[in-house]
Every structure is written in C-alpha cells, then in structure tokens.
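Asks: This is the structure I want to talk about, given as structure tokens.
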Amino acid sequence: MRRATTIFAALLGAISLLAMRPVSSTTDGSSGSPQASQAHNAVMKVLDAVSPDSLHAFDLKLVSFGTRHTLSDTTSPTRGIGAARNWIASKFSQFAASNPDFKVYRDEFVQPVSNRVSVPTTIVNVYGILWGKEGPSGRYIVLSGHYDSIVGNFMDSTADAPGADDDGSGTSLVIEAARAFTSSGFRPDANIVFLCCAAEEQGLYGSHHFAEMAKQKSWNIVADLNNDIVGGTRGGNGVLDNSTIRIFSESLKDLQIGNRKIPASVFGYESDSPSRELARYIHVNAKQFLPTFKTDLVFRSDRFLRGGDQTSFNEFGYAGVRFTEPNEDYHHQHQYVRVEDGIQYGDLPQFVDPQFVANVCKVNSSTAALLSISPEEPQNPVMLVDKLEYGTRLKWKNPHSEAVSGWKVYYRETWQPLWTTSAFIPNTATGDEVEANLPELSKDKFIFGIAALGTNGIESPAVVPIPER
C-alpha cells in the first residue's frame, strides 16, 4: 500500500519565513555543518589549481599543429589532426599516471562520405573519466570542447587553421579542468568526463557518435557543459568584456506523460527544460564561487541559426548547455590567416585571453564538482491535478537516503526567468513518497521546481513536476 508524508503547517511556516529570502544553495539543511565546509573547500581546491599559464601553453600547443581539420594528416607527429589527438591523449595519460581514478579512452569510428566529408574518415574523440564512487551505473557529468579546426573553405584540409579560439580555447579548458581535478585529489560521487570531440566543424559527427554511444550504454548523463569559443574578450563590435560568459540552453518542446507527448506550452513549461534548469544551476552557483564573474543566460539553444556539440547531447535527451564568449569577432573565426586592409584575419592565439579562459574553466569546474557531490535530483516529481483546488500539491519519490537532508521547493511567477523563492522540507519521510501541500500558492500563477539538498550542503538542479491525475 502506498504511503506518503504530507507537509502542512510546517511547510506553510517555512514559506512565510523564506518569502523574502534570496535563493541560495546553502540556505537550509546542513549549510553550516563540517560536511558543508569540507565540500566547499574541496571545490575551491579544484578552482585554485586552474592556471592561466597552463591554459595558454595548451592553446599554443594546439595551434602548433598547423591545422586540425578533420580530414587533415593523421600520420605526421607534428602536423594535422592525428598529431593533435595523440597529444591530447598523452596529456590525459600524464594525469592518469598520478591519479588512479582517472582513465583515458578513445571513441573511434569511421564517418562515411557526407556533405562535409569527402572520403570515409576515421573520427576519434579523446576523453578521460574521473571515476566516482557511484561507478559505471551512476551519474555522469561531461565537460566538452572540440579540437578540430577549419578555415574559410570548410573542405580545405591543408591550409593553416590555427583554431586558437574556435575551439582551442574550449579544448584547452577541458584539458586544464582534467589537470585541476586530478592534481587536487578531488573525489567525486558521480563520474566526471573530460571530452575532446572531433568533426564538430564538419557536422557535429564526433559528439553525435559519443552521445549515441552513451545512450546505448545507458549512461545517466546529467549535464554536458560544452565550451566552444570561450577565449576572446574583444568583439568585432569593438566591445571589450572580460568578465562575462554567455550560457545558451534549449527550450522544452514536449512532456512525456504516460504514453503521450504533450507540448510544453500547454503547461507553460517552455523555459523549464533540464537544460534550462542546468543553466540556472550554473548561474546561481557561479555567483558563490566567482562573485565578480558574470554568467549571462541566453534562453536559446545556441547563437542565432548556429549550433554546437551540446546539440548532440540534447538530441539524445541529455541536459546540455553551451558556453561562448560575450562578443565574438568574425575576423578570427573560419578565416584564412592573412592581413587585408590593415585587418588581421585568422584564429590566432594573440586574440585569446588566458585569464578569461581560466575564469570560464572555474565556472565549468565548480559546476561539475557540485553536480558530482550533490544528491540525485528528485525522481518522479508530479503535480497532483486530480481535483479543482486553489493551491498546489506536489509529490516525488522518497530516496530513503541518509545523504539527503531535505528538499527545496522552488517557485517563481510565470514571467520570472530565475527561481525567486524556496521552501525547505526536512527529510523526515518514512514512506515511499514525499508529498507537499501548498494551499496558498496557485498553480495558475507560479512555476514550481524541486531540488534535493545533501547533508554536505550541496543541492541538485531543480526539476519541474509533471501533472498527474
């Protein structure tokens, strides 16, 4: 027989107390506990290990291969995509030598002839995994960037294509994050994947194959943090901004309710996809760990009419976002290296700011670290709509976990982009479900989300409840 724990007066008291309190990942539960301090210090140790000098050195090394075009040389030890991927694998192997929990892998396949692939071509994704306590059946957090590069003619595989920013910056970030995590001795619960994809410029082939492989293996990927063009601080529009990073996230199209797919617009949930909740999670936590560095949320899957590797993860049902510099300079993207009318064209390393990339790396790293030691997000969250009523009733599966101190019920008015208020529910449930009754909050006016809060003071991303009769 189903049992549930219902929160009435205690929850209403919490709501009134928290109504004017800003949202915080450490507002309730065990925020002042030794476990919370230990978790915070472990994350900060990773961030302190991130080095602008190291990032700059990695970027210069990637540029030194001349071109990293997907169809370029694979036999030379110094030039072409083959040399680049071997070097990336060698760096990961160095990290693995000092950390037994870190392992190096290659995802290798042959891409048939297609629009941007003129001959059958071997594509290699190079990645490392910092295995967590949950093991292969647990959660995965992916940090990604693509290491291939192109010039103005996307089929020209021999011309110099430095790719310092697109996407040497993102690839360097992934490698540096791997170095910081492994050298700092961070011990995650979930598994952290450091993924360098190939063939992004030719059609997202590398990331698509990886995401498909992950789906076939039933990997529970909770986030793809994709970094593409994250090094420039002065845009072609003349604007200099070294303190902001854009984060793009897809909308929610459909909700699966039973065997039916219903448009998210029916419930007003268009902006509450797992990817958008991930973006909100990044935004809130970045303020805590990098208070002077801004995260600019863009509620769009990518730049206008453009795309990136996070799209591959989205297509297979995984939450994923894209990090991109605030003001791009198209003189330095997909260009032949040249000077024309006094303008330097080409994706060259002098246009990449290592300190800026370091800050973006820290945003990525703090997010990955927090996700890897947070509780699993609430499972099977539903909003009960079995009768007409003025308030709102929510329920979700009780994980029966001593690592969960409770849950935060977030809510915001429908026009608000971010969660504005939360109520804390302590983990006192003994049944199979937790049920929350909010009689003064109308489902007509508010969007609701539920996050799990760990005894270590770290919370999961929020998840919105599905209507259930």
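Asks: Quick check on the stretch 214-225. Is at least one of its residues at pLDDT 95 or above, closer than 28 Å to residue 117 by Cα and surrounded by 24 or more Cβ atoms within 10 Å (Cβ to Cβ)?
Replies: Yes, the conditions are met somewhere in the stretch 214-225.
Asks: Examine the stretch 385-392 for a residue that is crowded, with 21+ Cβ neighbours inside 10 Å and either among the β-branched types (Val, Ile, Thr) or at pLDDT 95 or above (or both), and state whether such a residue exists. Walk me through it before giving the result.
Replies: Just the residues of the stretch 385-392 that are crowded, with 21+ Cβ neighbours inside 10 Å, to begin with: 392.
Remaining after also requiring either among the β-branched types (Val, Ile, Thr) or at pLDDT 95 or above (or both): 392.
Taking every residue of the stretch 385-392 in turn, at least one turns out to be crowded, with 21+ Cβ neighbours inside 10 Å and either among the β-branched types (Val, Ile, Thr) or at pLDDT 95 or above (or both).
Asks: Tell me yes or no: at least one residue of the stretch 250-269 is surrounded by fewer than 22 Cβ atoms within 10 Å (Cβ to Cβ), touching a residue at least 24 places away in the same chain (Cβ under 8 Å) and at positive phi.
Replies: Scanning the stretch 250-269, I find at least one residue that is surrounded by fewer than 22 Cβ atoms within 10 Å (Cβ to Cβ), touching a residue at least 24 places away in the same chain (Cβ under 8 Å) and at positive phi, so the answer is yes.
Asks: Can you name every residue in the stretch 299-308 that is surrounded by 16 or more Cβ atoms within 10 Å (Cβ to Cβ) and either in a strand (DSSP E or B) or not acidic (Asp, Glu) (or both)? Explain how you work it out, then say what you get.
Replies: The first filter runs over the stretch 299-308 and keeps only residues surrounded by 16 or more Cβ atoms within 10 Å (Cβ to Cβ), leaving 299, 301-303, 307-308.
Those that are surrounded by 16 or more Cβ atoms within 10 Å (Cβ to Cβ) and either in a strand (DSSP E or B) or not acidic (Asp, Glu) (or both): 299, 301, 303, 307, 308.
Asks: If you don't mind, another one. Need at least 3 residues that are within 21 Å of the chain's Cα centre (by Cα) and not polar (S, T, N, Q) per element, so show me which strands (runs of 3 or more DSSP E) inside the stretch 203-270 make the cut, counting only ones lying wholly within it. Show your work before the answer.
Replies: Values: elements: 220-227, 244-249, 254-257, 260-263.
Fully inside the stretch 203-270 and qualifying: 220-227, 244-249.
Asks: Only one of these is closer than 29 Å to residue 40 by Cβ, surrounded by fewer than 21 Cβ atoms within 10 Å (Cβ to Cβ) and not hydrophobic (A, V, I, L, M, F, W, C): 426, 461, 467, 439. Name it. Walk me through how you get there before you give the answer.
Replies: Details: 461 fails: surrounded by fewer than 21 Cβ atoms within 10 Å (Cβ to Cβ); 467 fails: closer than 29 Å to residue 40 by Cβ; 439 fails: closer than 29 Å to residue 40 by Cβ.
Answer to the selection: 426.
Asks: Right, here's the next one. Restricting to the stretch 313-332, give me the number of residues that are part of a helix (DSSP H, G or I) and among the aromatic types (Phe, Trp, Tyr).
Replies: 2
Asks: Now for a different question. Please give the number of the condition residue 206 fails out of (1) buried (at least 20 other Cβ atoms within 10 Å of the Cβ); (2) out of contact with any strand residue (DSSP E or B) (no Cβ under 6 Å at 6 or more places or on another chain).
Replies: (2)
Asks: Okay, moving on. Confirm whether residue 338 is of a type in the set (Lys, Arg) and over 23 Å from residue 144 (Cβ atoms).
Replies: Numbers: of a type in the set (Lys, Arg): yes; over 23 Å from residue 144 (Cβ atoms): yes.
For residue 338, the condition - of a type in the set (Lys, Arg) and over 23 Å from residue 144 (Cβ atoms) - is met.
Asks: Suppose the filter is over 16 Å from the mean Cα position of the chain (by Cα), at pLDDT below 95 and under 26 Å from residue 168 (Cβ atoms); does residue 125 pass it? Let's see the steps before the verdict.
Replies: On the way: over 16 Å from the mean Cα position of the chain (by Cα): yes; at pLDDT below 95: no; under 26 Å from residue 168 (Cβ atoms): yes.
In short, no.
Asks: Then there's this: Please identify the pairs in which a residue from the stretch 342-361 that is on the phi > 0 side of the Ramachandran plot has its Cβ atom under 6 Å from the Cβ atom of a residue that is part of a helix (DSSP H, G or I), counting only partners at least 6 apart or on another chain.
Replies: Taking only residues 6 or more apart or on different chains, not a single pair turns up.
Asks: Next question. Hey, residue 233 hits all of (1) closer than 22 Å to residue 163 by Cα; (2) in contact with a Lys or Arg (Cβ under 8 Å, 6 or more places away or on another chain) but one; which does it fall short on?
Replies: (2)
Asks: Report the residue count in the stretch 120-134 for those that are hydrophobic (A, V, I, L, M, F, W, C), out of contact with any Lys or Arg (no Cβ under 9 Å at 6 or more places or on another chain) and not in a strand (DSSP E or B). Give the steps one after another, and end with the answer.
Replies: Let us first name the residues in the stretch 120-134 that are hydrophobic (A, V, I, L, M, F, W, C), namely 123-124, 126, 129-131.
Among the residues that remain, those that are also out of contact with any Lys or Arg (no Cβ under 9 Å at 6 or more places or on another chain) are: 123.
If we keep only those that are not in a strand (DSSP E or B) as well, we get none.
So the answer is 0.
Asks: Next up: Would you confirm whether any residue within the stretch 341-357 is among the hydrophobic types (A, V, I, L, M, F, W, C), modelled with pLDDT of 95 or more, surrounded by 14 or more Cβ atoms within 10 Å (Cβ to Cβ) and in contact with a Leu (Cβ under 6 Å, 6 or more places away or on another chain)?
Replies: Within the stretch 341-357, the first condition is being among the hydrophobic types (A, V, I, L, M, F, W, C), and the residues that meet it are 343, 348, 351-352, 356-357.
Narrowing the set further to residues that are modelled with pLDDT of 95 or more leaves 343, 348, 351-352, 356-357.
When the remaining residues are screened for being surrounded by 14 or more Cβ atoms within 10 Å (Cβ to Cβ), the result is 348, 351-352, 356-357.
Cutting the leftovers down to in contact with a Leu (Cβ under 6 Å, 6 or more places away or on another chain) gives us 357.
Looking through the stretch 341-357, at least one residue is among the hydrophobic types (A, V, I, L, M, F, W, C), modelled with pLDDT of 95 or more, surrounded by 14 or more Cβ atoms within 10 Å (Cβ to Cβ) and in contact with a Leu (Cβ under 6 Å, 6 or more places away or on another chain).
Asks: In the stretch 455-469, which residues are part of a loop (DSSP other than H, G, I, E, B) and not polar (S, T, N, Q)? Walk me through it before giving the result.
Replies: The first filter runs over the stretch 455-469 and keeps only residues part of a loop (DSSP other than H, G, I, E, B), leaving 455-458, 460-462, 464-465, 469.
Result: 457, 458, 461, 462, 464, 465, 469.
Asks: Same structure, new question: Among the residues of the stretch 225-241, are any in contact with a strand residue (DSSP E or B) (Cβ under 8 Å, 6 or more places away or on another chain) and farther than 21 Å from residue 355 by Cβ?
Replies: Within the stretch 225-241, one or more residues are in contact with a strand residue (DSSP E or B) (Cβ under 8 Å, 6 or more places away or on another chain) and farther than 21 Å from residue 355 by Cβ.
Asks: Only residues in the stretch 205-222 that are within 19 Å of residue 145 (Cβ to Cβ) count as the first member; pair them with residues that are assigned to a helix (DSSP H, G or I) and among the hydroxyl-bearing types (Ser, Thr, Tyr), Cβ under 6 angstrom, at least 6 apart or cross-chain, and list the lot.
Replies: 207/312; 208/312; 211/312
Asks: What number of residues within the stretch 62-119 satisfy the criterion of being within 16 Å of residue 197 (Cβ to Cβ), part of a helix (DSSP H, G or I), in contact (Cβ under 8 Å) with a residue 60 or more places away in the chain and touching a strand residue (DSSP E or B) at 6+ places or on another chain (Cβ under 7 Å)?
Replies: Residues that pass the stated criteria total 3.
The values are calculated or read from the model by the stated rules, or taken from the named source; none is laboratory data. This one's a predicted model, so the numbers in the text were calculated from it and none came from an experiment. Neighbour counts are summed over all protein chains in view; Cβ atoms, including those assigned to glycine, are modelled from backbone coordinates with ideal geometry.
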